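**Q** One structure, as structure tokens, below. Some questions next.
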Amino acid sequence: MPLLLLHGFGRTASDWKSFSPELAKHYRVITVDLPGHGRSDYMDTTDVYLHKRAAEYIIGLLEALHIDSVNVMGISSGGFVTLYIATIRPQLTKKIIVIGGQIYYSNTTRKVITSLGEPGKNPVMSQEYLNNTHGKQKGTLIARQFWNFRKLYGDPSFSPDVLSTIKARTLIIHGDNDPIAPVTNAWEMYQNIPQAHLWVVPNGGHVPIMEPGNQNDFIRRVLEFLRDDWERK
């Protein structure tokens, strides 16, 4: 069974390197650089990065690979893309895992992006890192796109009625100490996605699976979920 892994914004598929070997013992693991990142081509967007459009590109990739049934796991922006795939093509996704995801940009998210500073001044997503990872031209664009998230509305955008159309069994993973995406986002997903489980990671940040001590627990829980060992009570 294919398992598609999607990284967060400004990152690359290499974020999955520590997890892929174990997951690949059980699934056909597919890791990709999101459109406009790493080795992937630009999308037809400018300074506004639309996750829905990225999802359409990824669906195109799956079609090119002749995949008509897939499990998808995404981190942060990769989680947005995962939700879009599951709502655009509900029959395509069998199980999805959303890590540090959001159904809309909260005021907290917008304030954090604003506080980090404009392109070239962001210490978390430094221009040096972006240039080294994606190349100067692509890295510069990614920095502008991230900065513009602070005033972007309508993407991501998942209302309760849209979330209710998701047919995939869903695992939502969220840190209770996420400084970027409030845990209320995860709770809203859990309440409105029909077949959802929620794992709130104690003292977890925005990407709790990357934090020391959580990786083995993450692999164990994800494999249990994907094997259908869990039943929603």
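**Q** Looking for something more than 17 Å from LEU152 (Cβ to Cβ), open to solvent by 30 Å² or more (accessible area, probe 1.4 Å) and part of a loop (DSSP other than H, G, I, E, B) - is there at least one such residue anywhere in the stretch 42-60?
**A** yes
**Q** Then there's this: Can you name the number of the only condition in (1) assigned to a helix (DSSP H, G or I); (2) closer than 16 Å to VAL207 by Cα; (3) out of contact with any strand residue (DSSP E or B) (no Cβ under 7 Å at 6 or more places or on another chain); (4) not hydroxyl-bearing (Ser, Thr, Tyr) that GLY78 fails?
**A** Just one mismatch for GLY78, condition (3).
Each row is one residue, and each column tells you yes or no for (1) modelled with pLDDT under 95; (2) in a helix (DSSP H, G or I).
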| site | (1), (2) |
| --- | --- |
| THR82 | no, yes |
| VAL98 | no, no |
| GLY101 | no, no |
| ILE113 | no, yes |
| LYS138 | yes, yes |
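**Q** Considering every residue within the stretch 80-94, establish whether at least one is closer than 26 Å to GLU224 by Cβ, of a type in the set (S, T, N, Q) and more than 15 Å from the chain's Cα centre (by Cα).
**A** So far as the stretch 80-94 goes, yes, one or more of its residues are closer than 26 Å to GLU224 by Cβ, of a type in the set (S, T, N, Q) and more than 15 Å from the chain's Cα centre (by Cα).
Yes or no, residue by residue, for (1) more than 27 Å from LEU171 (Cβ to Cβ); (2) in contact with a Lys or Arg (Cβ under 7 Å, 6 or more places away or on another chain); (3) among the basic types (Lys, Arg):
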site	(1), (2), (3)
ASP41	yes, no, no
PRO119	yes, yes, no
ASN131	yes, no, no
LYS136	yes, no, yes
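**Q** For residues that are without any contact (Cβ under 8 Å) to a residue 40 or more places away in the chain and buried (at least 16 other Cβ atoms within 10 Å of the Cβ), tally how many sit in the stretch 61-96.
**A** Looking only at that region, the number is 3.
**Q** Looking at the stretch 17-37 only, could you name the residues that are closer than 25 Å to ILE180 by Cα and either buried (at least 19 other Cβ atoms within 10 Å of the Cβ) or among the polar types (S, T, N, Q) (or both)?
**A** SER18, PHE19, THR31, VAL32, LEU34, PRO35, GLY36, HIS37
**Q** Related question: What about TYR129, is it open to solvent by 60 Å² or more (accessible area, probe 1.4 Å) and farther than 22 Å from GLU211 by Cβ?
**A** It is false that TYR129 is open to solvent by 60 Å² or more (accessible area, probe 1.4 Å) and farther than 22 Å from GLU211 by Cβ.
**Q** Could you list all residues from the stretch 159-194 that are open to solvent by less than 10 Å² (accessible area, probe 1.4 Å) and farther than 23 Å from ARG220 by Cβ?
**A** The answer is LEU163, ILE166, ALA181, ASN185.
The values are calculated or read from the model by the stated rules, or taken from the named source; none is laboratory data. Remember, it's a predicted structure, so these values are computed and weren't measured experimentally. Counting neighbours? That spans all protein chains shown, and the Cβs are built from the backbone with ideal geometry, glycine included. The area values use the complete protein model at the heavy-atom level, side chains included, leaving out ligands, DNA and RNA. Shrake-Rupley method; radii C 1.70, N 1.55, O 1.52, S 1.80 Å.
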